[in-house]
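Working notes, beginning with the structure itself.
No value in this document is a laboratory result; all are computed from the given coordinates. Keep in mind the model is a prediction, meaning the values are calculated, not measured. Here Cβ is always computed from backbone atoms with ideal geometry, including for glycine, and neighbour counts include all displayed protein chains.
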Amino acid sequence: MAKFSYFFLLTGYALVGSIVLALSVQEDRRIVALGDLHGDLENTVDILRFSNIIDHDNRWIGGDTIFVQTGDVLDRGLDTIKLFDLLQNLREEAPLQGGLVIPLLGNHELMNLVGDWRYVYPGEPETFGGMEARKRAFEKDGFIGEYLKLLNITTKVGSTVFCHGGITPHFSRLGIDWINDRTHETIVTYMESQGSQGIEHGIFGGTGPTWYRGYAMEEEDTICSVLDQALALLEANRMVVGHTVQHDGAIRTRCNGKIILIDIGISRTYNGGKGALEIRGNTVHALYADRAVQLDSPPPYK
């Protein structure tokens, strides 16, 4: 169970600071993004296979694909450990073929780090060896806590920004580096104080990047202009988010393709939707088991 945290100790491979920020990408380099997994290994594996990311042994076959997972790996399902192990295995394997795996923090990762276990699936603690073992796993030296405290909240690949909920103009003005740096500092301070310092930073509030739902839920007549402000500040042409479930299992766009909603309820706790987002240059598709659907895409960022 401690395999993936030990990998960090040996290599120092962590998505902190500016390692993946504003990552330049060749015009035809493939990007695949997957939304909330919520404890469902079987459906996650199915999607990664028909998206040509992994083979039937769950090994990376994506070549130089950049694979982004926008958080909420855990809760609502039993497969927390197996999913984190899978993602870490792929992070090790992808660079050997020129690829890259970028996992991001969602609100459920942050909730578990601070002991908010309202959505832990019944029976899931037993996969850790009981509730106390699960608590230890999320502490600063625990095998999951050690992993999560190194992840970013947001990243930018080419002209596409990825995050769990959405980045408002307020946080866009502060910049991607600032958002990620403050996230790491706050989480580490919280862990080292064993919770006595609190974790009240605005990044983790209702309008912060892991909780915000405005781009997914507010009327386009009002919210698209807000999104335009954020994208201009981030020097991007689109934002890709999870967090807000699309209960019909379809990836969809709003604001003429400037926001893409990729939480399709992959976990069978929802509806077990199966789909991934693919970006090549400025062409965007929703990938499903039996078809690929082209989506709206805004003009390239200049």
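Within 10 Å, count the other beta carbons around each residue, average over each peptide in 84-93, 163-172, 61-70, and list them highest first. Display every interim value, and only then the final one.
Details: 84-93: 19.3, 163-172: 24.6, 61-70: 22.1.
For the peptides 84-93, 163-172, 61-70, the packing ranking is 163-172, 61-70, 84-93.
Is the shape of the range 187-302 rounded, prolate or oblate, going by the alpha carbon gyration tensor and its root eigenvalues a ≥ b ≥ c, with a/c under 1.5 for rounded and a/b larger than b/c for prolate? Write out the running numbers ahead of the final one.
Values: a/c = 2.10, a/b = 1.38, b/c = 1.52.
The shape class here is oblate.
With viscosity set to 1.567 mPa s at 4 °C, what whole-number translational diffusion coefficient in µm²/s follows for the chain from Stokes-Einstein and a Kirkwood radius over Cα pairs? Don't jump to the answer; show the numbers that get you there.
Values: Rh = 19.1 Å.
It diffuses with D of about 68 µm²/s by this estimate.
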List the cysteines of the chain that have no other Cys Cβ closer than 4.7 Å: which are they? 163
Hey, can you grab everything whose amide H is under 5 Å from the amide H of residue 155? Only 5+ residues off in sequence or another chain; H modelled, so Pro and N-termini drop out. 162
Would you grab the residues whose amide H sits under 5 Å from the one on residue 301? Only those 5+ places off in sequence or on another chain, please, with H modelled 1.01 Å from N. 237
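Assign one of three labels to the range 81-202, namely rounded, prolate or oblate, based on the Cα gyration tensor with a ≥ b ≥ c the square roots of its eigenvalues; rounded applies when a/c is under 1.5, prolate when it is not and a/b is larger than b/c, and oblate otherwise. Intermediate results must be reported in sequence, preceding the final value.
Working: a/c = 1.97, a/b = 1.20, b/c = 1.65.
Verdict is oblate for the range 81-202.
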Spatially close lysines, pair count over the range 33-294: Cα under 28 Å, gap of eight or more or interchain: 11
Using the alpha-carbon centroid of each, what span in Å lies between the range 51-94 and the range 266-282? 13 Å
Label-point separation in nm, residue 177 to residue 293, each point 7 Å along Cα→Cβ: 4.0 nm
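Can you tell me the order of 136-146, 285-295 when each peptide is scored by its average per-residue count of other Cβ atoms within 10 angstrom, highest first? Mind showing how you got there, number by number?
On the way: 136-146: 19.4, 285-295: 14.2.
Per-residue mean Cβ counts within 10 Å order the peptides as 136-146, 285-295.
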Could you state the number of Å between the C-alpha centres of the range 124-149 and the range 99-123? 11 Å
7 Å from Cα along Cα→Cβ at both residue 280 and residue 256: what's the point-to-point distance in nm? 2.5 nm
Cα gyration tensor shape of the range 171-252, rounded if a/c is under 1.5, else prolate or oblate by comparing a/b with b/c: prolate
